[in-house]
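What follows is calculated from the coordinates using simple rules that are stated; it is not laboratory data. Please read all numbers here as calculations on a predicted model, not as lab measurements. Using ideal geometry, Cβ is built from the backbone for each residue, glycine included, and neighbour counts are taken over all protein chains shown.
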Amino acid sequence: MRYKSTLFIVTHYYNYAIKMAEDNGEGIFTALSLIFLFIVGLGLGSTTTIDDFKKAAAKPKAVGLGFASQYLFMPVSAYVLCQIFDVDSTIAIGTILVGASPGGTTSNIYTYWSHGDVALSITMSFLSTCAAFFMLPLWIVILVKGAYDSDVEIAWGNIIAGCLLILIPTVGGLYIRHNNTEKKIRGKFIWQWIELATTVFGVLFLIAALTSALVIYENIIGDIPTEVWVLALLLQPLGCAFGFFSAKLLSMSPKDQKTISLETGVQNFTLTIAVINLTFQGEVLEKVLMFPLAYGLLYFSNSGILVAFYRWYLTTEDDNEDGGDDHEKVPSTDVEAGTDGVVEIIAEG
């Protein structure tokens, strides 16, 4: 009887959630996206240490190439692909916004799984997230308003607000990580609890956001043109390939090649969707959302294939010779601090 009651309650709330999504879908999805951005920012800051910056500072060429790949190649390639496939100018806005977005924090986990340089990955994610505050509006001016000469009204205040929503918690998480050296709760530092909580809730909110997108934007997804799906399939692997071969051309280590590759190709599409929901309305909103939604739905399959390729096919002797310190950073930090570590659990599972 108790289990039947529990099942009834769960079913009731599920149906209620679906109805709410259908009645006020865009508002719910926007709220989920904004909460996710805050969680991602706080988690990213809490995993970043001064030592990460010091290690990255020892590799200025890698950091510079990663930043250039992220904020030059990706937005420009998004624009070029739109031209090649003759994509509608309004749909192209969403494509360019994804291309101009910072790296996603999942790139840090992907880098760990791929035996890359996690410290470098975390630092690059942190820097690209901070840079989004001015780089995202800059590319909107250059490509959307300039190259496309779009007359679509841009709510600049909402774009800046979306960037601040991830920048402020990122800086806050970094501050907590740097200063929380003594205070512990149940044997763990505060930043460790934040890292654990943001990882778990971040994954849950990402799943919830993608699930709600299928319900809320069912009609939009069904109307996405074939060429947009092709674009969504190509952009991430193209960015990863550019980052990888550029690093290889500059004679960087295999670990750095994989790290820069993932940091280039893995975009924070959730930030893009949140900014779009805050900025556009009506039919314009539906068209601008088409590419980010397609990109998001293909994101995990693209990422999974790339990680599998890097982890098993491109694992080299260099990884084994010099890979112990960097790609073990995440779990070793957790073990020394006395926590299980979400990344370690996932990686070993």
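Legend: residue pairs Lys55/Lys248; Lys59/Lys287; Lys61/Lys183; Lys258/Lys287; Lys184/Lys255, Cα-Cα distance threshold 31 Å; pairs beyond threshold, Lys59/Lys287; Lys61/Lys183; Lys258/Lys287; Lys184/Lys255. Across the stretch 268-279, computed HN-Hα scalar couplings (Karplus, 6.51 cos²θ - 1.76 cosθ + 1.60, θ = phi - 60°) run 7, 5, 5, 4, 4, 5, 5, 4, 4, 5, 7, 9 Hz from first to last residue, x flagging Gly and Pro. For Gln267, enumerate residues with amide H under 5 Å from its amide H, sequence gap 5+ or separate chain, H modeled in the peptide plane. Answer set, sorted by chain and number: Gly104. The fewest-to-most ranking of Arg311, Arg186 by surrounding Cβ atoms within 10 Å reads Arg186, Arg311. Put in order of Cβ neighbour count within 10 Å, fewest first, the listed residues Lys55, Lys255, Lys61 become Lys61, Lys55, Lys255. Note that the stretch 56-62 has calculated 3J(HN,Hα) couplings of 5, 5, 6, 10, x, 5, 5 Hz, one per residue in order, obtained from phi through the Karplus relation 6.51 cos²θ - 1.76 cosθ + 1.60 (θ = phi - 60°); glycine and proline are x. Residue by residue, the stretch 217-230 carries 3J(HN,Hα) couplings of 10, 4, 5, 5, 4, x, 9, 5, x, 4, 5, 6, 4, 5 Hz when phi is fed to the Karplus relation 6.51 cos²θ - 1.76 cosθ + 1.60 (θ = phi - 60°); x denotes Gly or Pro. The protection proxy used here, the mean number of other Cβ atoms lying within 10 Å of each residue, ranks peptides 296-308, 118-130, 144-156 as follows, highest first: 118-130, 296-308, 144-156. Arranged from fewest to most other beta-carbon atoms within 10 Å of their beta carbon, Asp52, Asp223, Asp117, Asp86 become Asp86, Asp223, Asp52, Asp117.
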